[in-house]
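Engineer: Supplied in structure tokens, the structure appears directly below.
The values are calculated or read from the model by the stated rules, or taken from the named source; none is laboratory data. Every value quoted in this text rests on a predicted model; they were computed, and no experiment measured them. Note that each Cβ is placed from the backbone with ideal geometry, even for glycine, and that neighbours are counted across all protein chains shown. What goes into the accessible areas is simple: the full protein's heavy atoms, side chains included, and nothing from ligands, DNA or RNA. Shrake-Rupley method; radii C 1.70, N 1.55, O 1.52, S 1.80 Å.
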Amino acid sequence: MIRVFGTGTGAPLTPDAVEALAGATLVVGARRHLDGAALPAGAGRVVLGPLSPALDRIGRHLAEDGARVVVLASGDPGFFGIVRALAERFGSAALDVRPGAPSIAVAFARLGLPWDDAVVVSAHGRDPRTAVNVCFAHPKVAVLTGPGAGPAELAAGLLYRSEERILVVATALGDPERERVERLTPREAAARPWPDPVSVVLCLDESRALSPVRTVAGADAGPAGWALDEAEFEHRDSMITKFEVRALALARLGPRTGDLVWDVGAGSGSVAVECARLGAAAVAVEKTADGVERIRANAAAHGVYVRAVHGAAPTVLSDLEDPDAVFIGGGGRELPAIVTACARRARRAVVVAVAALDRVGPVRSALASAGFAPEGVLLQSSRLAPLPGDVTRLAAANPVFLLWGVRSAAGASEGATQ
């Protein structure tokens, strides 16, 4: 049996943890946990670093007669903790887990906020871009930090992207002498060195820090519907991606929590808003000043955040972070250059809507030159419309070519470096 005890957020070890340690023949944990515990003189000691050697040592020790293994971990070791690795290696039946208070729960408690509506993301040993995108897209996020993905790195990723966000950095939670809980802007957090141990970073849009009462914890359950009617958005002179086209575009973009999606030539920003409603971080690029304001108004009306960027593609794209997926709904004569610029940087997918037949070939060529296998359809739809006398006719919409390329799994990691 491997006994796992959560600790490290201020509460003393429980009596059963003290008793287990007294009889342990091998104790495993981070150096700070081992240094703070009373270990029996004859017990082996494994300081956690890379997991594989520690698991190997536990496995060899369990084969010995009378082996009693105790693992000390931070907070709740079943939440982004060592329990997963132990269960995969030795089986859940071999574990006796006694969790402590998660650092996330303690950090939100210090602020007097509930956390059932928080999105939790781990940046420990992972690419921090996912955590940055989640912070960008959601109003209440908790980030478990790690080397190279601490407060400064998260803050640097948020600079110039989301003016509404505040970072709360919780350091050494539970330590009566060293605990600090600081509220900073991304600019302030990015300019400072941060010592270990940073327990957790909270990223908040404080105007939306309290959601309505929830039934399902975590990220919002998502919209009940998408491909919204054009009437759901402010737009100019019917310059908006029609909902039939938007439905297929969203299916090919596949926006999800942790993704960054560009909507280039955004117009009303309807695609960006829909991607944000589905949990992705969204950037809408629009060359007209009134269009930028319209995008912001549409995002606010739907309760999501979309970063509206004023400028002309492809030039303005060089200032943006690499996207997972891109929708291109405008471009004129610059369209092939825009598609090329987007396709070279997109990690997963590029989707392009065009009305003119003579632009289909150049778009397909641009996608192919960036390593995509271009596909597409001509969408022709007719909507039901009333006629006098309580009868119905079919009203044909203008046909639109929807072209796309989806990068293979093997090529996805190369897309942002081409």
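Engineer: Give the residues of segment 183-222 that are over 24 Å from LEU159 (Cα atoms) and touching a helix residue (DSSP H, G or I) at 6+ places or on another chain (Cβ under 8 Å), sorted by residue number.
Structural biologist: Selection gives GLY222 alone.
Engineer: Right, something else. For segment 133-155, what are the residues that are closer than 18 Å to ARG183 by Cβ and part of a helix (DSSP H, G or I)?
Structural biologist: CYS135, PRO151, ALA152, LEU154, ALA155
Engineer: Let me ask something additional. Restricting to segment 73-86, what's the tally of residues that are at pLDDT 95 or above, outside any loop (DSSP other than H, G, I, E, B) and either over 30 Å from the mean Cα position of the chain (by Cα) or buried (at least 17 other Cβ atoms within 10 Å of the Cβ) (or both)?
Structural biologist: Here the count works out to 2.
Engineer: What is the one condition in (1) under 18 Å from PHE136 (Cα atoms); (2) in contact (Cβ under 8 Å) with a residue 40 or more places away in the chain that HIS235 does not satisfy?
Structural biologist: If we test HIS235 against (1) under 18 Å from PHE136 (Cα atoms); (2) in contact (Cβ under 8 Å) with a residue 40 or more places away in the chain, just (1) comes out false.
Engineer: So, one more: Taking segment 1-23 on its own, how many of its residues are within 30 Å of the chain's Cα centre (by Cα) and either crowded, with 22+ Cβ neighbours inside 10 Å or within 19 Å of LEU86 (Cα to Cα) (or both)?
Structural biologist: 6
Engineer: Keeping to segment 385-410, report how many residues are in contact with an Asp or Glu (Cβ under 7 Å, 6 or more places away or on another chain) and exposed (fewer than 11 other Cβ atoms within 10 Å of the Cβ).
Structural biologist: Within segment 385-410, residues that are in contact with an Asp or Glu (Cβ under 7 Å, 6 or more places away or on another chain) and exposed (fewer than 11 other Cβ atoms within 10 Å of the Cβ) number 0.
Engineer: Now for a different question. Name the residue, out of ALA353, ALA346, ALA297, that is modelled with pLDDT of 95 or more, within 27 Å of ALA224 (Cα to Cα), open to solvent by less than 30 Å² (accessible area, probe 1.4 Å) and not basic (Lys, Arg).
Structural biologist: Going through ALA353, ALA346, ALA297 in turn, the sole match is ALA353.
Engineer: Quick one: count up the residues across segment 114-132 that are under 24 Å from GLU206 (Cα atoms), open to solvent by 30 Å² or more (accessible area, probe 1.4 Å) and either among the polar types (S, T, N, Q) or out of contact with any helix residue (DSSP H, G or I) (no Cβ under 9 Å at 6 or more places or on another chain) (or both).
Structural biologist: 2
Engineer: Oh, and also: Considering only residues that are of a type in the set (Val, Ile, Thr) and in contact (Cβ under 8 Å) with a residue 60 or more places away in the chain, look in segment 166-206 and name the one that is surrounded by the most Cβ atoms within 10 Å (Cβ to Cβ).
Structural biologist: Per the criteria, the residue is VAL200.
Engineer: Any residue in segment 240-247 that is among the charged types (D, E, K, R), in contact with a helix residue (DSSP H, G or I) (Cβ under 8 Å, 6 or more places away or on another chain), modelled with pLDDT under 95 and surrounded by 19 or more Cβ atoms within 10 Å (Cβ to Cβ)?
Structural biologist: Yes, there is a match, as at least one residue in segment 240-247 is among the charged types (D, E, K, R), in contact with a helix residue (DSSP H, G or I) (Cβ under 8 Å, 6 or more places away or on another chain), modelled with pLDDT under 95 and surrounded by 19 or more Cβ atoms within 10 Å (Cβ to Cβ).
Engineer: Do any residues in segment 378-407 that are within 24 Å of VAL339 (Cβ to Cβ) and free of Cβ contacts under 8 Å to residues at least 60 places away in the same chain have Cβ atoms under 6 Å from those of residues that are open to solvent by 50 Å² or more (accessible area, probe 1.4 Å) and of a type in the set (S, T, N, Q), where the two are at least six apart or on different chains, and which pairs are they?
Structural biologist: Listed pairs, sorted by first residue: PRO399/GLN380.
Engineer: Taking the options LEU26, LEU34, LEU55, LEU39, name whichever one is over 17 Å from GLY100 (Cβ atoms), at pLDDT below 95 and surrounded by 13 or more Cβ atoms within 10 Å (Cβ to Cβ).
Structural biologist: Of LEU26, LEU34, LEU55, LEU39, the one residue that is over 17 Å from GLY100 (Cβ atoms), at pLDDT below 95 and surrounded by 13 or more Cβ atoms within 10 Å (Cβ to Cβ) is LEU39.
Engineer: Hey, does segment 285-294 have a residue that's touching a helix residue (DSSP H, G or I) at 6+ places or on another chain (Cβ under 6 Å) and among the small types (Gly, Ala, Ser)?
Structural biologist: Checked segment 285-294: no residue is touching a helix residue (DSSP H, G or I) at 6+ places or on another chain (Cβ under 6 Å) and among the small types (Gly, Ala, Ser).
Engineer: Condition first: at pLDDT 90 or above and of a type in the set (Val, Ile, Thr). Now tell me which residues in segment 183-201 satisfy that.
Structural biologist: Within segment 183-201, THR185, VAL200, VAL201 qualify.
Engineer: Let me ask another. Are any residues in segment 356-378 open to solvent by 60 Å² or more (accessible area, probe 1.4 Å) and over 15 Å from VAL406 (Cα atoms), and if so, which ones?
Structural biologist: Correct list: LEU357, ASP358, ARG359, LEU378.
Per-residue answers, yes or no, for (1) among the small types (Gly, Ala, Ser); (2) in contact with a strand residue (DSSP E or B) (Cβ under 7 Å, 6 or more places away or on another chain):
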| site | (1), (2) |
| --- | --- |
| ALA312 | yes, no |
| GLY331 | yes, no |
| ALA349 | yes, yes |
| LEU357 | no, no |
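Engineer: I would also like to ask the following. Of the residues that make up segment 108-116, is at least one touching a residue at least 24 places away in the same chain (Cβ under 8 Å), under 26 Å from THR7 (Cβ atoms) and small (Gly, Ala, Ser)?
Structural biologist: There is no residue in segment 108-116 that is touching a residue at least 24 places away in the same chain (Cβ under 8 Å), under 26 Å from THR7 (Cβ atoms) and small (Gly, Ala, Ser).
Engineer: Now for a separate question. Would you tally the residues in segment 162-202 being among the charged types (D, E, K, R) and in contact with a Cys (Cβ under 9 Å, 6 or more places away or on another chain)?
Structural biologist: 1
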